[in-house]
Amino acid sequence: VCLQAVLTDEPRRRAAPPPDPLRTIPAGDRTEVDLRVLAIRDGRSWRVASGQSSLFVAGHLLGVHAGDQVLIFGQLVLPGRVRNPGEFDRAAHERADRIHSVIYSDSPDCVEVVERRGAMNIVGWTARWRSAGVAMLSRYLTESQSQLAAALLLGSQDQLGDEPVQAFFTTGMIHVLVVSG
């Protein structure tokens, strides 16, 4: 599909998962970002569309920020359903965030900025202040302390990792992260 959308958050980089003998196709670094869909191309014409979506791009998506309007080429799919009993229900999780579709792009070249965010854009302001806060915390604290402080104070859980989140879950303190983020 070809979509026009506005990024509702700053892109989050995810490192490649560690090698796994059960993974037949190795996965590399990727970038994730939430967006609001504006239009979808139907042949040569554009149709108005609406809704929230998540974009997953293979590689590092650089030069795009919250509030930017983008043109995206990718595969549009529904969030994955549960296949095994007790497995994490990603579709229900996405639905709770009002995200009803997922877009996968093979390359950062499949995402093009059409219009930069304006100076009066609240989404951009929020993202810039959060980034500045994360930078300040990382300057004065150790890496693990700054990641936890950014998650608790600024709602920036991108770099926190699975281990601290699991510790919060095991101790029954996950509500602290949920309220913060």
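Rolling a 1.4 angstrom probe over the protein heavy atoms, how many square angstrom per residue are accessible across the stretch 57-158? Write down the numbers at each step before the final one.
Numbers: 6690 Å² over 102 residues.
Per residue, the stretch 57-158 has an accessible area of 66 Å².
At 1.4 Å probe size, with the rest of the protein present, what percent of the exposed accessible area of the chain is carbon and sulfur atoms? Write down the numbers at each step before the final one.
Working: 6720 of 11940 Å².
Summing carbon and sulfur atoms, their accessible area is 56 percent of the total for the chain.
Find the all-direction average of the projected area of the Cα convex hull for the chain, expressing the result in square nanometres with one decimal place. Don't skip to the answer; put the middle values down first.
On the way: hull surface 50.3 nm².
Taking a quarter of the hull surface, the average projection is 12.6 nm².
For the peptides 67-76, 88-97, what is the packing order when you average, over each peptide's residues, the other Cβ atoms within 10 Å and list the highest mean first?
Result, highest mean Cβ count within 10 Å first: 67-76, 88-97.
Hey, could you grab the Kirkwood Rh for the stretch 1-91? Inverse mean 1/r over distinct alpha carbon pairs, Å, one decimal. Show your work: numbers first, answer last.
Details: mean 1/r = 0.0666 Å⁻¹.
It is 15.0 Å.
Given charges of +1 on the Cβ of Lys and Arg and -1 on the Cβ of Asp and Glu, with all other atoms neutral, how large is the dipole of the chain about its Cα centre, in debye to the nearest 20?
380 debye
In the stretch 52-158, what % of DSSP beta bridges are antiparallel (nearest 5)?
Numbers: 7 of 13 bridges.
Bridges in the stretch 52-158 that DSSP calls antiparallel: roughly 55 percent.
Quick check on the chain: helices-only [θ] at 222 nm, where DSSP H runs of length 4 and up contribute -39,500 (n - 2.57) each and the sum goes over total residues. Nearest 500, please.
-9000 deg cm²/dmol
State the answer as a single residue: which of 82, 132, 114 lies farthest towards the positive end of the charge dipole of the stretch 72-132, with beta carbon charges of +1 for Lys and Arg and -1 for Asp and Glu, about the Cα centre.
Checking the options against the dipole of the stretch 72-132, the answer is 132.
The values are calculated or read from the model by the stated rules, or taken from the named source; none is laboratory data. It should be emphasised that the depicted structure is a prediction, and the values quoted were computed from it without experimental measurement. FYI the Cβ positions are ideal-geometry reconstructions off the backbone, even for glycines, and counts take in every protein chain you see. Only protein heavy atoms, including side chains, enter the accessible area calculation; ligands, DNA and RNA are left aside. Shrake-Rupley method; radii C 1.70, N 1.55, O 1.52, S 1.80 Å.
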